[in-house]
Amino acid sequence: MLRLAESKAGVRPTVDLSQIDLSEDISYEEHPIQILDRKVQQLRSKSIPKVLVKWQFHDDTELTREREDYMRDRFPYLFEAGRTVT
């Protein structure tokens, strides 16, 4: 079991740099490509709608939950008919 963990630690993910538009300061902006799920986080006094987001240049193990209102403001094209899973 220990050897397996050691061998996985040495593996680094690779990205094809020709597909990434780098800026002068060698940074890039990622864009979401799909909304996979919608969930409401229930707190004591309020509900927070969140969406599960698949990002550009990331595989299916690197999904994130983001506030739905933030995603609607910045990336409205993701919420067009046929693009989301409800």
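Does the range 26-55 hold any residues that are of a type in the set (S, T, N, Q) and closer than 13 Å to Phe79 by Cα, and which are they?
Gln34
Ile33 - would you say it is in contact with a helix residue (DSSP H, G or I) (Cβ under 9 Å, 6 or more places away or on another chain) and either at pLDDT 70 or above or not aromatic (Phe, Trp, Tyr) (or both)?
When the stated conditions are applied, Ile33 passes them.
Quick check on the range 48-63. Is at least one of its residues acidic (Asp, Glu), modelled with pLDDT of 95 or more, within 18 Å of the chain's Cα centre (by Cα) and surrounded by 10 or more Cβ atoms within 10 Å (Cβ to Cβ)?
No, the range 48-63 contains no residue that is acidic (Asp, Glu), modelled with pLDDT of 95 or more, within 18 Å of the chain's Cα centre (by Cα) and surrounded by 10 or more Cβ atoms within 10 Å (Cβ to Cβ).
The values are calculated or read from the model by the stated rules, or taken from the named source; none is laboratory data. Bear in mind the structure is a predicted one, so any value in this text is a computation, not a measurement. Virtual Cβ from ideal backbone geometry, glycine too; neighbours counted across all protein chains shown.
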